[in-house]
Amino acid sequence: MCFGIFKKKPATPPLSDATMTKAQVLKKLEEDILIHEYWACKVTEEPGWGDTMGDYDWHLMWIEVYQNCIYYLQGGK
């Protein structure tokens, strides 16, 4: 038997040390929220763009992901 051959491997190796400070990461996450807010509005104005730029719900999902990352990085449980 070939145990373990179907285990998923990480796409990239984990970092051994952080390359950004927590403050830098939080700032980038907040910037990403603004980008997704912009595009969520844009794809409602131009629905055809949703096929390539992500639809409204997709952008809202990423906004929620970033908000949760910020929450956890700031010590939320």
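Throughout, read-outs are computed from the coordinates displayed, never taken from laboratory work. Owing to the predicted nature of the structure, the values given are computational and were not obtained by experimental measurement. Quick reminder, even Gly has a Cβ in these numbers, built from the backbone with ideal geometry, and neighbours come from all protein chains shown.
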**Request:** Name every residue in region 13-63 that is in contact with a Leu (Cβ under 9 Å, 6 or more places away or on another chain) and among the hydrophobic types (A, V, I, L, M, F, W, C), in order of residue number.
**Result:** Val25, Leu26, Leu29, Ala40
**region 35-77, residues that are touching a helix residue (DSSP H, G or I) at 6+ places or on another chain (Cβ under 8 Å), closer than 21 Å to Ala23 by Cα and not in a helix (DSSP H, G or I)** = Gln74
**Asked** How many residues are surrounded by fewer than 13 Cβ atoms within 10 Å (Cβ to Cβ) and more than 19 Å from Ile70 (Cβ to Cβ) if we restrict to region 11-58?
**Response** 15
